[in-house]
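Peer 1: Next up is a structure, given as structure tokens.
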Amino acid sequence: MKIIVVKDYEAMSELGAQIIENTIINNPSCTLGLATGSSPIGTYQRLVKAYEDKRISFKGVKTYNLDEYCGISRSHPESYYYFMHDNLFNHVDIDEKNVHIPLVSNDNLEQDCKNYNDLLNQTTIDLQLLGIGANGHIGFNEPGTPFSQETFIVKLTDKTRQDNKRFFNSIDEVPTHAITMGISNIMKAKRILMLISGKNKADTVVRLLKEEIDPDFPASVLHKHPDVTVIIDQDAYSKI
Ligand code: F6R
């Protein structure tokens, strides 16, 4: 695991975007695994700028998102489908048919998981972008999820729902379940890039860097992956 400590969120986003930009330049038809949440927003803004400046094109790029909430529609402003279009896809030349985000039909969730898992099994992700939950979750693989887990429906923990409450009017509106790539899907990516920022992740970073591999801290599985880069800002690194 390669750790890079940078000054702040802006520097993290700059470096994150550079790594993704280089991936696209080296392979214009690469496959990216993408994340939502606060951590990658600055990175996406810089990728949009790189597209506007004609340094990169997304025409041949394929994307697979980590997760999607259950119980809200794709048109809901807090759905991850909406987030990805609002923050990235609507502003670049990506072909919509190359965009993959778990489709939650809400009447057959098991089938929805199987469909997404089949799609993932038919592809290889060249670079997977990840954030990390304060409790160590990656995607929505909450503490205790087996490392062998494939795409599944997860009941979100109270901690994760509280953490995500900031995007909704009240805790009651925060979905209780989500579909997420499993840890095993994430680990199949050729390269992994994790972004960690902010004082609220300082304890999380301490635990991640302990190198103790434990399903109670899902991100610890990344120590088993051969090509992981973690960009951490000084606030998140402040307890090391
Ligand atoms: C998002 C995702 C989550 C987030 C994590 C951190 O698609 O899968 O694992 O990466 O909850 O979220 P932020 O970046 O908002 O702190």
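Peer 1: Near residue 152, within a Cβ-to-Cβ distance under 13 Å, what is the net charge of the other residues, with Lys and Arg +1 and Asp and Glu -1?
Peer 2: On the way: positive: 114, 155; negative: 67, 68, 110, 112, 142, 150.
Computed value for this residue: -4.
Peer 1: Projecting each Cα onto the charge dipole of region 134-240 (Lys/Arg +1, Asp/Glu -1 at the beta carbon, about the Cα centre), which of 231, 181, 208 comes out farthest on the positive side?
Peer 2: The residue sitting most towards the positive pole is 231.
Peer 1: Further question: Place a point 7 Å from the Cα of residue 234 along the Cα-to-Cβ direction; which residues of region 190-223 have their backbone N under 17 Å from it?
Peer 2: Only 196-202 fall inside the zone, counting backbone N under 17 Å.
Peer 1: As a quick test, which of the pairs 114/165; 155/201; 165/190; 7/49; 7/59 have an alpha carbon distance above 31 angstrom in this structure?
Peer 2: Violating the 31 Å limit, Cα to Cα: 165/190; 7/59.
Peer 1: Treating only the Cβ atoms of Lys and Arg (+1) and Asp and Glu (-1) as charged, compute the dipole magnitude of the chain about its Cα centre; round to the nearest 20 debye.
Peer 2: The calculation lands at about 520 debye.
Peer 1: Something else about it: Rounded to the nearest 10 Å², what accessible area does residue 84 show when all protein chains are kept and the probe is 1.4 Å?
Peer 2: 0
Peer 1: Between residue 172 and residue 4, what length in nm is gained on full extension when 0.36 nm per residue of separation is reduced by their alpha carbon distance?
Peer 2: On the way: separation 168, 0.36 × 168 = 60.48 nm, distance 3.78 nm.
Contour length minus Cα-Cα distance gives 56.7 nm.
Peer 1: Sticking with this structure for a sec: Using helices alone, what [θ] at 222 nm do you get for the chain, with -39,500 (n - 2.57) per DSSP H run of 4 or more residues, divided over all residues and rounded to the nearest 500? Numbers along the way, then the final one.
Peer 2: Numbers: 7 runs with 71 residues, N = 240.
Dividing the helical sum by the residues of the chain leaves -8500 deg cm²/dmol.
Peer 1: Considering only DSSP beta bridges whose two residues both sit in the chain, what percent are antiparallel, to the nearest 5?
Peer 2: 25
Peer 1: Per 10 Å bin, what is the whole-percent P(r) computed from every C-alpha pair distance within region 2-233?
Peer 2: 8, 35, 40, 17, 1
Peer 1: Which one of 133, 37, 144 has the biggest mean-square fluctuation once the chain is modelled by GNM with Cα springs under 10 Å?
Peer 2: In the Gaussian network model the winner is 144.
Peer 1: Please list 213-219, 89-95 highest first by mean number of surrounding beta-carbon atoms within 10 Å per residue. If you can, show how the numbers build up before the last one.
Peer 2: Values: 213-219: 17.7, 89-95: 16.0.
Most protected by this proxy first, the peptides run 213-219, 89-95.
Peer 1: Turning to a different aspect of this structure: Region 117-240: Rg/Rh from Cα coordinates, Kirkwood Rh?
Peer 2: Dividing the radius of gyration by the Kirkwood radius yields 0.96.
The values are calculated or read from the model by the stated rules, or taken from the named source; none is laboratory data. Quick caveat: nothing in here was measured; it's all calculated off a predicted structure. FYI the Cβ positions are ideal-geometry reconstructions off the backbone, even for glycines, and counts take in every protein chain you see. Accessible surface is based on the protein model in full, side chains and every heavy atom, while ligands, DNA and RNA are left aside. Shrake-Rupley method; radii C 1.70, N 1.55, O 1.52, S 1.80 Å.
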